[in-house]
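Values quoted throughout were computed directly from the atomic coordinates according to the rules given, and no laboratory measurement underlies them. Computed from a predicted structure; not experimentally measured. Cβ coordinates were reconstructed from backbone atoms using ideal geometry, including for glycine residues, and neighbour counts include every protein chain displayed.
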């Protein structure tokens, strides 16, 4: 069974982290990251060709993590596979013992290193959630054919409280919950106020009772990164105060400041009703995760049956 | 309308290089509306090709003509009298036009001068937008008359994605977010609740189920 | 065949520029003969790239358009359109390897608009700086030039 699910069901504040597979075929590159994250987090998301850049397949990297005794969250985007391939990979993932899946649209192919590829988008992320839920709970694939053995998966989705239009963001969350999401991992939170507004709207619709919400955080490495995320990354909301705070410390100290902001954010999230965990996306900086989790008072991770 | 744009001249010159007598053939329908292959554009391309040929001392005959519709047999047949004078046709029709001319005159190579782009609307002079995929199963009613399949970069039927910011699409900030447009339009109609339901996966068999589609209408046939 | 290089200029001009009446045109035609082909147009906005292309293809070393001053177009934006079309024509001829200077646009100044005759003189000189057109090379030797 999914460790993530056990932690959340038991009422503990869950911690997940992100691991980007290497641009290469070296299994040790995955296992080294696994080593950094082991015992620091409950489960590890493995990204699926994030930003449309070709990397080791998420499914394979998840399998490596599994063999190292970790609980992977298989991220799957609908950009690269049609419904035949997606359903097939869901069955395969379950067969090799992967117990969590995160259903995503995926970054548009134009942003990556294969801009001439076709974007499949046969299903959208919400339809994909619905399909996975149908496979798991009713043992049927799209079209109604029955599965001999249904997959055993804890189903997740993403939410971006910072994209527009705000009023519709919660409608979309409700759709994801209705479609089959058990848990939600959000876009990186730097603007706690806006996140709070979104969370309240979710609470008012009873959504925090239907899905486990894990707040997303990303430690900033530098003031430059803060500005880049603010200005260049779509769907990202980095308030001026955060940029100024990063700029306010000398360059050699900015990483520490980034970690400090991240820890403060996690502490604030822990106090917000409806937030059941945190998802730490330390982009190519997995070393920072242990420190963040430790400083946020989230260690040791619970031991569960 | 079908939209198209002219290929680069050099690419066209390379394709026509084996031929000595070339008919540059325009089409006065869709591609004229989008200023790519009508009479005017045909004359310009033919003139440019003749000049290029003279500059390179190539002994070729390049003549031009435009017909009403290259994709309709009844119009293509009008070339019957002159087609034998040429050893190739350079067509400024859309992909359908190029093939229809080729179907009728099987022995003559028909070379495309345009890149056919999309089903679109003339938004304003000099601006054409893609807004229909020709999916074979129109869903515009549900989405306030704005097609998410054609106009959302990720073809979401349950959008908007997390990249919608201030009404713009993350893929190209010059492009409006189709989902923002859908939400705005439906709220104008007081019909936002249509978006609360999860739209099921698209039935793409209506578009590519048995390969190339055909429409056969007995009432229209002879 | 005279042996001397005499470019032929195609001059498309807006009829609202000074001294561009039919009488003026006839005088200029007499003066320059085949070297200057004058095409009055009611508005430069009516000009199409094909007009310039045909001139270059058939007889002209260079083709120029003269418009009324910006903001002074009787049809509001004819001259602005002409600019875009000249640019388009330049793109087309560049794409086949012809110098884009063979096509040009002259926008009259609103304070001191040049009379047609003066423009013709100036543009003929400008054309003289261009090499013989590679488009016309076969044809040039056979062309008859009347003596001025």
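Limiting things to C-alpha atoms, what are the Rg and the maximum Cα-Cα separation (Dmax) for segment C:9-140, in angstroms?
Expressed in Å, the Cα Rg and Dmax of segment C:9-140 come to 14.0, 43.
Relative to the longest principal Cα axis of chain C, at what angle does helix C:78-95 sit, 0 to 90 degrees, rounded to 10?
Taking Cα atoms only, the helix is inclined about 30 degrees.
Can you pull the Kirkwood radius for segment C:77-130, inverse mean 1/r over Cα pairs, to one decimal in Å?
For segment C:77-130, inverting the mean 1/r across all distinct Cα pairs yields 12.6 Å.
Which residues in segment A:46-76 have a backbone N closer than 19 Å to a point placed 7 Å from the Cα of residue A:10 along the Cα-to-Cβ line?
Zone members listed by number: A:69-73.
Over the alpha carbons of chain A, what is the largest minus smallest coordinate on each principal axis, giving the biggest first in Å?
That works out to 60, 47, 47 Å along the principal axes.
Report the Stokes-Einstein translational diffusion coefficient (µm² s⁻¹, integer) for segment A:147-189, Rh taken as the Kirkwood radius over Cα pairs, at 4 °C with viscosity 1.567 mPa s.
For the chosen part, D equals 112 µm²/s.
Given N residues in the protein assembly as shown, what is its alpha carbon radius of gyration divided by 2.2 N^0.38 Å?
My calculation over the Cα atoms of the protein assembly as shown gives 1.28.
Below 8 Å between Cα atoms, with a sequence gap of 6+, how large is the relative contact order for chain C in percent?
The normalised contact order for chain C reaches 34 percent.
Using only the C-alpha atoms of segment B:136-222, find the volume of their convex hull and express it per residue in Å³.
Looking at segment B:136-222, the number lands at 149 Å³ per residue.
Counting only DSSP beta bridges with both residues in segment B:71-180, tell me the antiparallel percent, nearest 5.
Expressed as a percentage, antiparallel bridges in segment B:71-180 total about 70.
In whole angstrom, how long is each semi-axis of the equivalent ellipsoid of segment B:1-159, when you take the square root of 5 times every eigenvalue of its Cα gyration tensor and sort them from largest down?
34, 17, 13
Counting only helical runs of four or more DSSP H residues, what would the 222 nm mean residue ellipticity of chain A come to if each run contributes -39,500 (n - 2.57) and the total is spread over all its residues?
So the calculated ellipticity at 222 nm is -12500 deg cm²/dmol.
Along the three principal axes, how long is segment A:177-230 when you take its alpha carbons, biggest first, rounded to the nearest angstrom?
Principal extents (largest minus smallest coordinate, Cα): 39, 21, 13 Å.
Please report the projected area of segment A:106-264's Cα convex hull averaged over all directions, in nm².
Orientation-averaged projected area of the Cα hull: 11.9 nm².
Angle check, please: helix A:83-95 long axis (alpha carbons) against the longest principal axis of chain A (alpha carbons), in degrees 0 to 90, nearest 10.
Compared with the principal axis, the helix lies near 80 degrees.
So how tilted is helix B:95-104 from the main axis of chain B? Cα-based, degrees 0 to 90, rounded to 10.
Roughly 40 degrees between the two axes.
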